[in-house]
């Protein structure tokens with residue numbers, strides 16, 4: 001079975017860095033992310049427009065090159081969609097806009113095989129290189145390391161119930177989506193505001209109390225804020241940047257650094 005870098009980082013107490021993919025269907029972007037030494041992929045199907053086939057290709061190239069693929073799903077997409085993403089080669093799923101323990105439990109249920117969940121079994125799984133594996137062994141190993149569940153907190157209601165959410169068996173990490181949370185808190189885009197800092201502090205304390213990984217998304221190109229989140233609050237997962245944003249900033253920089261005609 002392929003290695004789950006997120007869990008390896010967790011065991012080592014390291015920060016797990018994630019490269020977001022929104023627009024790049026070509027699998028060469030996976031190699032670029034791997035060469036940059038990212039630990040995992042955050043394939044964004046909530047805000048991106050990649051197909052399931054393109055997503056599966058990215059996932060399998062990621063697994064084969066040693067950068068663990070995770071997929072962020074659209075809210076309330078249904079158990080069948082979750083199953084197809086996991087069966088396609090994703091090693092875990094991000095569930096956005098979770099606001100209650102019941103929603104978190106449902107996310108675990110559709111991601112895990114029995115006895116933890118109700119996911120339907122697959123005969124040959126990409127996570128095992130399409131080799132035939134005894135069903136009981138495949139289910140146990142996949143539940144342990146091949147179906148990580150990331151719960152995203154992106155509202156004040158979610159922050160308020162995070163201590164209930166974090167207790168759900170099978171939840172691997174709580175990730176605060178700072179952009180959407182800033183909108184819900186009435187400070188859109190102000191991810192360094194007192195409101196966001198307070199929410200991050202609350203979620204991080206709950207995660208440390210219950211030995212769950214605390215993560216963040218939506219804090220980009222702000223080393224000072226990132227340092228506070230990592231070294232003061234103890235975040236051990238971070239969505240560092242997306243392909244679209246890197247292309248945009250790189251393109252702007254390339255043009256403005258061209259010398260003018262003299």
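Rule-based calculations on the coordinates, nothing more; no lab input. Given the structure is predicted, the values throughout are model-derived calculations rather than measurements. As a convention, Cβ positions derive from the backbone with ideal geometry for all residues, glycine included, and neighbour counts pool all protein chains shown.
Key figures for this structure:
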{"quantity": "Least to most buried among 208, 49, 228 (fewest other Cβ within 10 Å first)", "calculated": "49, 208, 228"}
{"quantity": "Alpha-carbon centroids, the range 13-28 and the range 77-127: separation in whole Å", "calculated": "20 Å"}
{"quantity": "Ranking of 97, 210 by count of other Cβ atoms within 10 Å, fewest first", "calculated": "210, 97"}
{"quantity": "Length released on extending from residue 25 to residue 227, taking residue separation times 0.36 nm less the Cα-Cα span", "calculated": "69.6 nm"}
{"quantity": "Ranked 212, 253, criterion: other C-beta atoms within 10 Å, fewest first", "calculated": "253, 212"}
{"quantity": "Calculated over the chain: convex hull of Cα atoms, volume per residue (Å³)", "calculated": "136 Å³"}
{"quantity": "Antiparallel content of DSSP bridges confined to the chain, in %, to 5", "calculated": "5 percent"}
